[in-house]
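Remarks on the structure that follows.
The values are calculated or read from the model by the stated rules, or taken from the named source; none is laboratory data. Treat the numbers as computed from the prediction; the structure is a model and nothing was measured. Heads up, the Cβs are rebuilt from the backbone with ideal geometry, glycines too, and the neighbour counts pull from every protein chain shown. To get the accessible areas, we keep the full protein, side chains included, count just its heavy atoms, and leave off ligands, DNA and RNA. Shrake-Rupley method; radii C 1.70, N 1.55, O 1.52, S 1.80 Å.
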Amino acid sequence: MPFSFQLEAEDLASGARAGRFTTSHGEVLTPAFMPVGTAGSVKTLTPEDLTAAGCDILLANTYHLLLRPGVGTVRHMGGLHRFMGWDGAILTDSGGFQVMSLTDLNKVHEAGVEFRSHLDGSKHMLSPEEAIRAQDGIGTDIAMSFDHLVRLPAPPEDVRDAVSRTVRWAQRGLDERALLRQHGRGSMALFGINQGGVDAGERARCFAQLGAMPFEGFALGGLWVGEGRTLGLEMVERDCAEFPRDKPRYLMGVGHPIDVVEAVARGVDMM
C-alpha cells in the first residue's frame, strides 16, 4: 500500500492538527507518539502491551541494527516486523544522530561519515546511500534521510556547512531510493530532515531546498540537544509555519510529556 497522509482537523490559531497516514502495515492516527525500540525491542513492553496501549507505530534505529545484529540477519529473519513480532508501522532513524553522539571517533567526508563502533571499535562508513539501503534492507515503512548534525554550540560556518551537506545528502538518498525502485525495492516512504540548529535563517535556508524535493514527510532535526525548551519550541513553531500542510511533521528526539504537548500545540504530528 503506498504511503498517504490525510489532514482531518486543524486549529488555525495555534497550528495544532490531527490526521492519519497509511502504510503497508496499517494506519497511524496523528498526533502520534512513537515508542522507541532502538535495537528492535521496546524495553519492558511486549508488542501486545504496546497494542493495548493504543500504539500505531514504533521507532527503531539504523545505526544500532546495522552494527548488531546486522541488516543481513534482520532480512534473513523475515524483516524487522517479524524480527520484532510487531505487525504495525515502523519508522527508522537514519543513524546520523548516533554516529555523532555515540563516538568521538568519527570523521565527516562528503561521501559520508567514517566512524568506529561503540560496541567493539571496528571501523565503518555510513553514507546517504548506505543509510537508504540499510533501511530498505530491514524493511521499514518510513525511512529517514541521512543528515549532518553538528554538536551545539557550534560556529556559524559549521552550521552552514552542515545544512548544505544535509541538502546534498538528502538528494543522494532520494536518488538511491529511485535506483532501488527500479529493482522492485525501496517501497518505504522517505522523510527529509531539516537542520540548522537554533539559527532561524539557516533552518529557513535548509527547508527552502528540502521542501522542493519529493519527500513524503519532513522532520525537525537538530533540536532538543541542549538549547533549552523555550528556544527549541521557537524553532518548532518556525519550522511548522513553513512545512507543507499536506505532509506529516516529525519532531526528532522528543519524549518528555510537556514537550510532546507543546509540540503538538504548534503543529507537530509525530514525536
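Can you pull out the residues in segment 204-228 that are farther than 19 Å from F97 by Cβ and either open to solvent by less than 10 Å² (accessible area, probe 1.4 Å) or at pLDDT below 95 (or both)? Across segment 204-228, there are no qualifying residues.
Within segment 125-136, residues that are at negative phi reach partners that are in a strand (DSSP E or B) and open to solvent by 40 Å² or more (accessible area, probe 1.4 Å) with beta carbons closer than 8 Å, at six or more positions or on different chains, in the pairs M125/E114. No other residue among R116, R75 is among the basic types (K, R), out of contact with any Asp or Glu (no Cβ under 6 Å at 6 or more places or on another chain) and touching a residue at least 60 places away in the same chain (Cβ under 8 Å) apart from R75. Can you tell me which residue within segment 119-170, out of those that are of a type in the set (S, T, Y) and within 12 Å of G95 (Cα to Cα), is farthest from the chain's Cα centre (by Cα)? Going through the qualifying residues, I end up with S127. Within the set L105, L80, the sole residue that is under 15 Å from I142 (Cβ atoms) and either more than 21 Å from the chain's Cα centre (by Cα) or not charged (D, E, K, R) (or both) turns out to be L80.
Flag set for T22, criterion: open to solvent by less than 50 Å² (accessible area, probe 1.4 Å), touching a Pro at 6+ places or on another chain (Cβ under 9 Å), without any contact (Cβ under 8 Å) to a residue 40 or more places away in the chain and closer than 29 Å to E237 by Cα.
The single condition from (1) without any contact (Cβ under 8 Å) to a residue 24 or more places away in the chain; (2) part of a loop (DSSP other than H, G, I, E, B); (3) of a type outside the set (D, E, K, R) that T140 fails is (1).
The C-beta contact set for segment 186-207 (first residue over 26 Å from I90 (Cβ atoms), second residue among the β-branched types (V, I, T) and not in a helix (DSSP H, G or I), distance under 8 angstrom, 6+ apart or interchain) comprises G197/V150.
Given segment 1-95, what helices (runs of 4 or more DSSP H) lie entirely inside it while holding 1 or more residues that are under 29 Å from M125 (Cβ atoms) and not charged (D, E, K, R)? The qualifying helices (runs of 4 or more DSSP H) are 62-67, 71-76, 80-84.
Name the single residue that is surrounded by the fewest Cβ atoms within 10 Å (Cβ to Cβ) among those in segment 85-113 being of a type in the set (G, A, S) and modelled with pLDDT of 90 or more.
Filtering segment 85-113 for residues that are of a type in the set (G, A, S) and modelled with pLDDT of 90 or more, the one surrounded by the fewest Cβ atoms within 10 Å (Cβ to Cβ) comes out as G85.
Here is the figure for segment 114-153: residues that are over 21 Å from G72 (Cα atoms) and surrounded by 15 or more Cβ atoms within 10 Å (Cβ to Cβ) total 5.
When we screen G221, G226, G253, G267 for residues that are out of contact with any Phe, Trp or Tyr (no Cβ under 9 Å at 6 or more places or on another chain) and either among the hydroxyl-bearing types (S, T, Y) or closer than 25 Å to V159 by Cβ (or both), the only hit is G226.
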